[in-house]
Amino acid sequence: MTARLHVDLAALAANITRVRATVGPAELMLVVKDDAYGHGLEPVVRRAAASGVRWFGAFDVRTGTAVRAAAGDDARIFAWIAASRADLDAALAGRLDLGVGDAELLEELADAARERGVTALVHLKIDTGLHRNGVRPENWPTFVGRAAELEAEGVIEVVGVWSHIAEASDAEDDQARVLFETALGQASAAGLRPVLRHLAASAASFARPEFRYDLVRVGAFCYGIRSAGGPPAEELGLVPVARLEADVVQVTRDEVRVGLGALDGLPSSLQGRAFVGTPAGARSLRSIGDRESVVAGWPGATATDIVTFFGPGRRGEQATTDLAELIGTIGEEIAVRISPLVPRHYDGD
Ligand SMILES: *Cc1c(COP(=O)(O)O)cnc(C)c1O
């Protein structure tokens, strides 16, 4: 293996500080789904917890359980995908906060909590237009009414009300927020007093103060990944945390072969489009094979040189979102695709 992903934990901590300063007094929930966006769950969670992050967004219960092991007893861990009764039991055992956007799931969770003699920590999800699990506005009043009964019984505690928005257009997000506000009013009318209202992810948490409420769920910006089509990372005060690099394996007349390819998670559609960082600055990424890529050469290239595929740009390489924009995707996708077999190296700890 001649490639590795360097993860700069000091940069992660700096981004976390920057995000908290921007969104405060709203609290930061660090989203760590997809192995912390490919950066490695455990080191990321440990460093974030040491930096004072209290809330983690885990996606599923399995990830939530792994976060509990890494972050310790004091962390609050939010998971919003529970697929089975076994998941609900694991969530209760791990004292996870669960996102619930389905009336049937709420009953199952209440049953599981009743049997264990515990109180489930619940964040009720309203569907504000994305149509990814969430209770439709027309069913919401009944749903929150039932939640209030279960809370009175002591089997659940409604900690939060939340939703997820597209962050693709301000107009659509505004419409979603109107639905969210209505849902909050109805929850209150049902007698619920959720202390955590949460709606925003990275983009809205910076650009739209009225979307911050009590808690923001931020992944991308904490890893220094800007939004596609959004302001540059420097302008946001963020630095890329990950740097993907590989060794030169062969130098020919005007080309250099490098030990990273499509099977390592480099999208082959980047060939002929992207620039990589070299000791001589930016060079064109000419082609991408299974395990190797070909880069335009530079004077004096040797087999001890290193090529950077994405990172903070110090050697001419592009950022993940720059690469993503070349092929119509988002920066997170570039980071998450890097094979787990590419070793992660941690600095700045
Ligand atoms: C992934 C995700 C986030 C974080 O989104 P970013 O744009 O990476 O900050 C927040 N909330 C939910 C529900 C998510 O799935």
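The values are calculated or read from the model by the stated rules, or taken from the named source; none is laboratory data. Everything numeric here is computed off the predicted structure, so don't read it as measured data. Here the Cβ positions follow ideal geometry from the backbone for every residue, glycine too, while neighbour counts run over all protein chains shown.
Points worth noting:
- With a requirement of 2 or more residues that are over 30 Å from V19 (Cα atoms), the helices (runs of 4 or more DSSP H) lying completely within the stretch 42-147 that satisfy it span 85-93, 103-116.
- Candidate set from the stretch 15-41 (those that are out of contact with any helix residue (DSSP H, G or I) (no Cβ under 9 Å at 6 or more places or on another chain), outside any strand (DSSP E or B) and within 21 Å of S163 (Cα to Cα)); member that is nearest to the ligand (Cβ to nearest atom): R20
- Top-ranked residue in the stretch 56-84 [being aromatic (F, W, Y) and closer than 29 Å to R4 by Cα; ranked as nearest to the ligand (Cβ to nearest atom)]: F59
- When residues in the stretch 159-179 are screened for being crowded, with 19+ Cβ neighbours inside 10 Å and either outside the structural domain of A201 (by TED's automatic domain parsing) or touching a Lys or Arg at 6+ places or on another chain (Cβ under 8 Å) (or both), 7 of them pass.
- Scanning the stretch 170-221 for residues being part of a helix (DSSP H, G or I) and hydrophobic (A, V, I, L, M, F, W, C) gives a total of 16.
- Only a single item in (1) in contact (Cβ under 8 Å) with a residue 12 or more places away in the chain; (2) on the phi < 0 side of the Ramachandran plot is not met by D35, and it is number (2).
- Restricting attention to the stretch 72-102, the residues that are out of contact with any strand residue (DSSP E or B) (no Cβ under 7 Å at 6 or more places or on another chain) and of a type in the set (A, V, I, L, M, F, W, C) total 5.
- Residues in the stretch 313-349 that are part of a helix (DSSP H, G or I) and touching a strand residue (DSSP E or B) at 6+ places or on another chain (Cβ under 7 Å) were compared, and the one that is farthest from R4 (Cα to Cα) is L323.
- Selection status of G229, in a loop (DSSP other than H, G, I, E, B), within 14 Å of the ligand (Cβ to nearest atom), at positive phi and not β-branched (V, I, T): yes
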